[in-house]
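Chemist: There's a structure below that I have some questions on.
The values are calculated or read from the model by the stated rules, or taken from the named source; none is laboratory data. Please read all numbers here as calculations on a predicted model, not as lab measurements. Note that each Cβ is placed from the backbone with ideal geometry, even for glycine, and that neighbours are counted across all protein chains shown. To get the accessible areas, we keep the full protein, side chains included, count just its heavy atoms, and leave off ligands, DNA and RNA. Shrake-Rupley method; radii C 1.70, N 1.55, O 1.52, S 1.80 Å.
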Amino acid sequence: MGIESARCFRMEGAWIVDIALFWSFLGAAVILTIMPGPDNMFVLAQSIAQGRHAGIATTFGICTGLCVHIAAATLGISAVIYRSAVAFAVVKYAGAAYLLYLAWKSFRAKDTEFAAGQQPIRQLKELYKRGIVMSALNPKLSLFFLALLPQFVNPDVGSVTVQMLVLGLTFIVQAFIIFSAISFFAGKVRDFLIRKRRIGRILNYVQGAIFVAIGLRLAVESR
């Protein structure tokens, strides 16, 4: 099958997205996900403090929150938030306040909370919810997807909305894989450190400091 035939298939809608743009998007998505940012630092902090199961539960929550932002970008809601200074500020400061609250809880946590073994299902559900809230209350993510996704959409292939959704879901899948890997390796580090005396209090402080840094970063960001 020649190049011209392949182009015809694209034009007739046989492919949902432009394949060349898809691979370019995937490469960009992986690079952006690996780069230090609020989400992967959040997963890292949870994994070191409470183990890889906690990190993976948090990852599920963050990826669920990403669905909200991708839907908002696809439907244009994020553009409305961007144009409204009040709406943007409310979401931004709510997210920052939530992260500072988590930091406060980490600073008050005891060594025994760090040294606990497997988390009960109830606690994992709480971490899942925590990931959702942390992700959903970051308005920069909606604006990020609003700016990123259209660059890899080819209107000649088919529905722009469908293409943005496919690209968004692709971003979520690769983010889940990378964040899960972070959780696994951070959990291994924790398993080593947990044998050290009094390390629990220190790592709770480290987790709290990470939450403070993410929260303050979110609070001072502009649109």
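Chemist: Starting from the Cα of Q151, move 7 Å in the Cα-to-Cβ direction to define the label point; list residues of region 59-77 whose amide nitrogen is under 12 Å from there.
Modeler: No residue qualifies, since no backbone N sits under 12 Å from the label point.
Chemist: Between Y205 and A71, what length comes free when the chain is fully extended (0.36 nm per residue of separation minus the Cα-Cα distance, one decimal in nm)?
Modeler: On the way: separation 134, 0.36 × 134 = 48.24 nm, distance 3.55 nm.
Difference between extended and current length: 44.7 nm.
Chemist: Would you kindly find the accessible area of L26, with a 1.4 Å probe and non-protein molecules such as ligands, DNA and RNA excluded, rounding to the nearest 10 Å²?
Modeler: 40
Chemist: Keeping all protein chains in the complex and leaving out DNA, RNA and ligands, what accessible area do you get for I56 with a 1.4 Å probe, in Å² to the nearest 10?
Modeler: Accessible area of I56: about 50 Å².
Chemist: So for each of 64-72, 30-38 I average, over its residues, the number of other beta carbons within 10 Å; can you give me the resulting order with the highest mean first? Show your work: numbers first, answer last.
Modeler: Numbers: 64-72: 19.8, 30-38: 13.9.
Ranking, from highest mean packing down: 64-72, 30-38.
Chemist: Per q in 0.30 1/Å, what log10 I(q)/I(0) does a Debye calculation on the alpha-carbon atoms of region 18-71 return?
Modeler: -1.10
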